[in-house]
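A short reminder: the numbers here are calculations on the coordinates, not readings from a lab. All values reported here derive from a predicted model rather than from experimental measurement. So basically every Cβ, Gly included, is an ideal-geometry build from the backbone, and we count neighbours across all protein chains shown.
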Amino acid sequence: MKILVVSATAMETAIFSTHYQNDLNKDKYSVEMLITGVGTVNTAYHLLKKVINNHFDIVIQAGIGGTFDKEIALGDVFFISED
């Protein structure tokens, strides 16, 4: 399975990167990290550039995902299935 993990900054996925390097079964999974830079334009540009010439079974957007909604607590986790 080929997986792409996308984040704006390396800090947002640093723990995952360390875990992947140490523990993930690399015979079963191929994981690539893509650092896009902050903002939707940067993300769209770098993500499109990456996926246009590569096939991934799963693309995971990971990061802090800022919000201005005061009802959402710091650390809440969301699964966005459709936009």
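Computed from backbone phi with θ = phi - 60° and the Karplus coefficients 6.51, -1.76 and 1.60, the 3J(HN,Hα) list for the stretch 69-74 is 7, 6, 6, 9, 7, 4 Hz; x is used for glycine and proline. Summed over all non-identical Cα pairs, the Kirkwood treatment of the chain gives a radius of 14.1 Å.
The chymotrypsin sites (Phe, Trp or Tyr not before Pro) found in the stretch 40-71 that occupy coil by DSSP, while having at most 11 further C-beta atoms within 10 Å, are Phe68.
From helices alone, the chain scores -7500 deg cm²/dmol at 222 nm; the rule is -39500 (n - 2.57) for each run of n ≥ 4 DSSP H residues, then divide by the residue total. In plain terms, the chain from His55 to Ile35 could stretch by 5.4 nm, reckoned as 0.36 nm per residue minus the Cα-Cα distance. Starting from the Cα of Glu12, move 7 Å in the Cα-to-Cβ direction to define the label point; list residues of the stretch 39-72 whose amide nitrogen is under 13 Å from there. Taking a point 7 Å out along Cα→Cβ of Glu12, the residues of the stretch 39-72 whose backbone N falls under 13 Å are 39-47, 60-67. Computed over the chain with a Gaussian network model linking Cα atoms closer than 10 Å, the most mobile of Lys50, Lys28, Lys70 is Lys70.
Roughly what angle does helix 40-51 make with the longest principal axis of the chain, taking Cα atoms, 0 to 90 degrees, to the nearest 10? Its long axis makes an angle of about 20 degrees.
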